[in-house]
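Enquirer: First the structure, then my questions, so here it is.
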Amino acid sequence: MNEKLKKGTTTVGIVCKDGIVLAADKRATAGFVVNKRAQKIFQIADSMAITMAGLVSDAQLLTKLIKAELKLKDIQTNRKSTVKEAANLLGGMLYSNIRRPSMIQSIVGFLLAGHDQHGLFLYDLGIDGSITDVVDYVSDGSGSVFALGVLEANFKKNMSVNDGVKLAIKAISAALQRDIATGNGIDVWTITKDGVKPVFHKEIEIKVD
């Protein structure tokens, strides 16, 4: 049953001088391709977004829960939650999920990017609830090894968001060509002081004549 619910993915996060870039492919798999238009980047607050990789059901539920928890926290404290607070909330959910006895083990990770009064932040949230503050770039999912090779060779400190978008597309494209569970398109979003914005979308269809 675990194999049937797994989601092949490549996600990328890049820290730029004027924002953060998030990117992901669009293929969902379960031993075969079950969705060619899967959305893997979601806005969870006015200035925060996440990418998901792992079991579809857990990823979807945790995305809904973190959005609701952040709204509730903002109402209770009468202020906007910081990106670090959001990362800690989501990390706690992941920690609890994977340690809860279940017939289907929760295996899902997130990249969380956001902007608050303290600046721009990118976090890598592992399946075990670990939280890593990313200072340059990160990739998650089944095709991450291919994306990381491109990021390692081409990333430059203080690169612009525009250059970050181009690099993210290049990194996801490398995984599209090499990882069988990654494919069918690319989505790229940016997170800046002006908020969260989708900036690139391309679907890739393979036609057989």
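Enquirer: Applying the selection to the range 182-208, what residues are surrounded by fewer than 20 Cβ atoms within 10 Å (Cβ to Cβ) and aliphatic (A, V, I, L, M)?
Expert: V199, I204, I206, V208
Enquirer: Let me ask you something else. State all residues of the range 125-147 that are outside any loop (DSSP other than H, G, I, E, B), within 16 Å of T11 (Cα to Cα), in contact (Cβ under 8 Å) with a residue 40 or more places away in the chain and among the β-branched types (V, I, T); if no residue qualifies, say none.
Expert: Listed by number, the list holds a single entry, V138.
Enquirer: Then there's this: Please count how many residues of the range 178-200 are free of Cβ contacts under 8 Å to residues at least 24 places away in the same chain and more than 15 Å from the chain's Cα centre (by Cα).
Expert: 1
Enquirer: Further question: For the range 1-94, which strands (runs of 3 or more DSSP E) that fit wholly inside it have 2 or more residues that are of a type outside the set (S, T, N, Q) and modelled with pLDDT of 95 or more?
Expert: Working: elements: 10-16, 19-25, 33-35, 41-45, 48-54.
Per the criteria, 10-16, 19-25, 41-45, 48-54.
Enquirer: I want to confirm something. Restricting to the range 100-117 and keeping residues that are of a type in the set (V, I, T) and part of a loop (DSSP other than H, G, I, E, B), which single residue is surrounded by the most Cβ atoms within 10 Å (Cβ to Cβ)?
Expert: I107
Enquirer: Do we have L120 as closer than 15 Å to V15 by Cβ and surrounded by 21 or more Cβ atoms within 10 Å (Cβ to Cβ) here?
Expert: Criteria not met by L120.
Enquirer: Return a yes/no flag: does the range 172-181 have any residue that is touching a helix residue (DSSP H, G or I) at 6+ places or on another chain (Cβ under 8 Å), part of a helix (DSSP H, G or I) and closer than 30 Å to T82 by Cα.
Expert: Yes; the residues of the range 172-181 include at least one that is touching a helix residue (DSSP H, G or I) at 6+ places or on another chain (Cβ under 8 Å), part of a helix (DSSP H, G or I) and closer than 30 Å to T82 by Cα.
Enquirer: Regarding N97, is this residue in contact (Cβ under 8 Å) with a residue 40 or more places away in the chain and outside any strand (DSSP E or B)? Please lay out each step first, then the result.
Expert: Numbers: in contact (Cβ under 8 Å) with a residue 40 or more places away in the chain: no; outside any strand (DSSP E or B): yes.
No.
Enquirer: Further question: Please go through the range 143-172 and give me each residue that is polar (S, T, N, Q) and buried (at least 20 other Cβ atoms within 10 Å of the Cβ), ordered by number.
Expert: So in the range 143-172, the residues polar (S, T, N, Q) come out as 144, 154, 158, 160, 162.
Matches in the range 143-172: S144 only.
Enquirer: Same structure, new question: Which one is surrounded by the most Cβ atoms within 10 Å (Cβ to Cβ), of the residues in the range 55-70 that are farther than 14 Å from A45 by Cα and of a type outside the set (A, V, I, L, M, F, W, C)?
Expert: Going through the qualifying residues, I end up with D58.
Enquirer: Something else: Based on what the data block shows, is A175 closer than 20 Å to K64 by Cβ, crowded, with 20+ Cβ neighbours inside 10 Å and touching a strand residue (DSSP E or B) at 6+ places or on another chain (Cβ under 9 Å)?
Expert: For A175, the condition - closer than 20 Å to K64 by Cβ, crowded, with 20+ Cβ neighbours inside 10 Å and touching a strand residue (DSSP E or B) at 6+ places or on another chain (Cβ under 9 Å) - is not met.
Enquirer: Taking the stated definitions as given, is A168 modelled with pLDDT under 95, at negative phi and not polar (S, T, N, Q)?
Expert: Against the criterion (modelled with pLDDT under 95, at negative phi and not polar (S, T, N, Q)), A168 does not qualify.
Enquirer: Only one of these conditions is not met by S106: (1) polar (S, T, N, Q); (2) at pLDDT below 90; (3) over 21 Å from R27 (Cα atoms). Which number is it?
Expert: Condition (3) is where S106 drops out.
Enquirer: Restricting to the range 148-171, give me the number of residues that are charged (D, E, K, R) and either part of a loop (DSSP other than H, G, I, E, B) or under 21 Å from I50 (Cβ atoms) (or both).
Expert: Number satisfying all stated conditions: 2.
Enquirer: Any residue in the range 189-198 that is small (G, A, S) and under 20 Å from K36 (Cα atoms)?
Expert: Taking the range 189-198 first, the residues small (G, A, S) are 195.
Filter again for under 20 Å from K36 (Cα atoms), leaving none.
No: the range 189-198 contains no residue that is small (G, A, S) and under 20 Å from K36 (Cα atoms).
The values are calculated or read from the model by the stated rules, or taken from the named source; none is laboratory data. All values reported here derive from a predicted model rather than from experimental measurement. Cβ: placed from backbone, ideal geometry, glycine included. Neighbour counts: every protein chain shown.
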